[in-house]
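The structure under discussion appears below in the form of structure tokens.
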Amino acid sequence: MFVCAGFAAQSADDTLGPFSFNRRDPGPKDIQIEILYCGVCHSDLHQARNEWHNTVYPCLPGHEIIGRVTKTGAEVTRFKQGDLAGVGCMVDSCRTCASCREGLEQYCEKGFNPTYNGKETVIGGTTFGGYSNAIVVDEAFVLRVPGNLDLAGVAPLLCAGITTYSPLRHWKVGAGQKVGIVGLGGLGHMGVKFAHAFGAHTVLFTTSESKVKDGKRLGADEVVISKNPSEMAAHASSFDFILDTVAGPHEISRYLDLLKRDGTLTQVGAPEKPMSVEIFSLIFKRRNFAGSLIGGIAETQEMLDFCAAHNITADVEVIPIQKINEAYERMLRSDVKYRFTIDMSSLKQTA
Ligand SMILES: [Zn+2]
Ligand SMILES: [Zn+2]
């Protein structure tokens, strides 16, 4: 074991503060990574505040991790010391169930082992995430990180990026299609970038006039103000695919009505309460209403390679770890364009 430094919450009503803890030494298949950047995801806040009622304290979040390899186990083949490396939402899965064998570890039938608030299988206790100076992960769950991109902007690709990339790929979004992205936050801004990069005619739905210009800059061909019924009606039954990234309560049937026959709406924002769906909207046009969870390791690698080839990163505001509690409050007010990334070198200032 070796000692690490990080920021953790000690209870649901605690803010995050300096925390030191042990990590396992790298085993034969493990990689030790010095963490350079970690993106800040809404899940981090939910977990730190026990909003999903399953948090084990101390809770050390962070699953958008970019760093540099400092040590490799004897059987590691894909990484060497000094390489860039990424870790997303998973650090392991059963590897034997049907989903794992298909490379869909996120749907592991035994449940994947999450990067934080999971089970540390070697030294016991809980897994601790990326708000720390180092992490040790089996190489099967480590991503190669392209060196040509801004690393602070790459970090959010590991959760926000793959969460939007995977459903767009699964439903074969591409040129000649009309695709909608609902909401312009951490997820939505990546959805707009990917749908545009895949060649689709991309339409952003937002409630906020102030986001029209930015939506177009990010790649939207059109921006619809969703609270305006006549603007919505003008797009009835015209979309091949809609990706809904909104986690707040909203009326989903208004978007289902915008799909063509056989069109699909995939929900990736996760509202707390059940939503009601106008079933006639589905029946009369054979529309699909679907969900999607992050992506498998192979697809996450494909997404990073795609981003390297197309020069895609998240738009980030880089913060020191000491601002994490303030960042959570701002995130709740959607006061960030469009993701916070922690510069982990700031950790050295908290001795
Ligand atoms: Zn996340
Ligand atoms: Zn499995």
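Dipole of the stretch 160-291 (Lys/Arg Cβ +1, Asp/Glu Cβ -1, origin at the Cα centre): which of T206, V268, G219 lies farthest to the positive side?
Toward the positive end, the furthest listed residue is G219.
Could you give me the ³J(HN,Hα) list for the stretch 89-98, computed from phi with Karplus coefficients 6.51, -1.76, 1.60 and θ = phi - 60°, whole Hz, x at Gly and Pro?
So the J values, rounded to whole Hz, are 7, 10, 10, 5, 7, 5, 6, 10, 6, 4.
Could I get the Rg over Rh figure for the stretch 35-88? Both from C-alpha atoms, Rh via Kirkwood, rounded to two places.
1.13
What order do you get for H53, H250 when you list them from fewest to most C-beta neighbours inside 10 Å?
Sorted ascending by nearby Cβ count, the order is H53, H250.
What's the magnitude of the charge dipole for the chain around its Cα centre, counting Lys and Arg as +1 and Asp and Glu as -1 at the beta-carbon? Answer in Debye, nearest 20.
Charge dipole, the chain, about its Cα centre: 480 debye, nearest 20.
Tell me, what does the Kirkwood hydrodynamic radius of the stretch 277-351 come to in angstroms if you use every pair of distinct C-alpha atoms?
16.4 Å
Sort 104-116, 68-80, 192-204 for me by packing, meaning the mean count of neighbouring Cβ atoms within 10 Å per residue, highest on top.
Ranking the peptides 104-116, 68-80, 192-204 by packing returns 192-204, 104-116, 68-80.
Pick out which of I162, I279, I297 has the largest mean-square fluctuation in a Gaussian network model of the chain, springs linking Cα atoms closer than 10 Å.
Among I162, I279, I297, the largest mean-square fluctuation in the Gaussian network model of the chain belongs to I279.
Determine the calculated [θ] at 222 nm for the chain from helices alone, applying -39500 (n - 2.57) to every DSSP H run no shorter than 4 residues and normalising by the residue count; nearest 500 deg cm²/dmol.
Calculated from helices alone, the mean residue ellipticity at 222 nm is -6000 deg cm²/dmol.
Near G130, within a Cβ-to-Cβ distance under 11 Å, what is the net charge of the other residues, with Lys and Arg +1 and Asp and Glu -1?
Counting the neighbours of G130, the net charge comes to -2.
Once you charge only the Cβ atoms, +1 for Lys and Arg and -1 for Asp and Glu, what is the size of the charge dipole of the stretch 1-51 about its Cα centre, to the nearest 20 debye?
In total the dipole reaches around 180 debye.
List, in order, the whole-Hz ³J(HN,Hα) value for each residue of the stretch 184-195 obtained from phi through the Karplus relation with A = 6.51, B = -1.76, C = 1.60 and θ = phi - 60°; use x for Gly and Pro.
10, x, x, 6, x, 5, 6, x, 4, 4, 6, 4
Using a cut-off of 17 Å between alpha-carbon atoms, which lysines can reach K285, once sequence neighbours fewer than 8 places away in the same chain are excluded?
K178, K260
Order these by the 10 Å Cβ neighbour count, fewest first: I319, I181, I35.
I319, I35, I181
With Rg and the Kirkwood Rh both taken from Cα atoms, where does Rg over Rh land for the chain?
Ratio of gyration radius to Kirkwood radius: 0.97.
To one decimal place, what orientation-averaged projected area in nm² is obtained for the convex hull of the Cα set of the stretch 160-291?
Taking the Cα atoms of the stretch 160-291, their convex hull projects to 7.1 nm² on average.
Of F284, G248, M190, which is farthest on the positive side of the dipole of the chain, counting Cα position, with +1 on Lys and Arg Cβ, -1 on Asp and Glu Cβ, and the Cα centre as origin?
Of the options given, the answer is F284.
Once you list every other residue whose beta carbon is under 12 Å from the beta carbon of E109, what net charge do they have if Lys and Arg are +1 and Asp and Glu are -1?
Charge balance in the 12 Å sphere: +1.
Take peptides 331-339, 149-157, 124-132 and line them up by average Cβ neighbours within 10 Å, highest first, as a rough protection proxy.
The peptides rank, most packed first, as 149-157, 124-132, 331-339.
To one decimal place, what Kirkwood hydrodynamic radius in Å is obtained for the stretch 249-310 from all pairs of distinct Cα atoms?
13.7 Å
When the expected Rg is taken as 2.2 N^0.38 Å, what fraction or multiple of it is the alpha-carbon Rg of the stretch 169-210?
1.12
Over 26 Å between Cα atoms, which of K216/K323; K193/K273; K80/K193; K227/K273; K29/K110 qualify?
Table pairs above 26 Å Cα-Cα are K216/K323; K193/K273; K80/K193.
What are the extents of the Cα atoms of the stretch 111-162 along their three principal axes, in Å, largest first?
That gives 37, 24, 20 Å along the principal axes, largest extent first.
Quick note: the coordinates plus some simple rules give every number you see, no bench work behind them. Values in this document were obtained by computation on a predicted structure and should not be read as measured data. In this analysis, Cβ positions are derived from the backbone assuming ideal geometry, glycine residues included, and neighbour counts consider all displayed protein chains.
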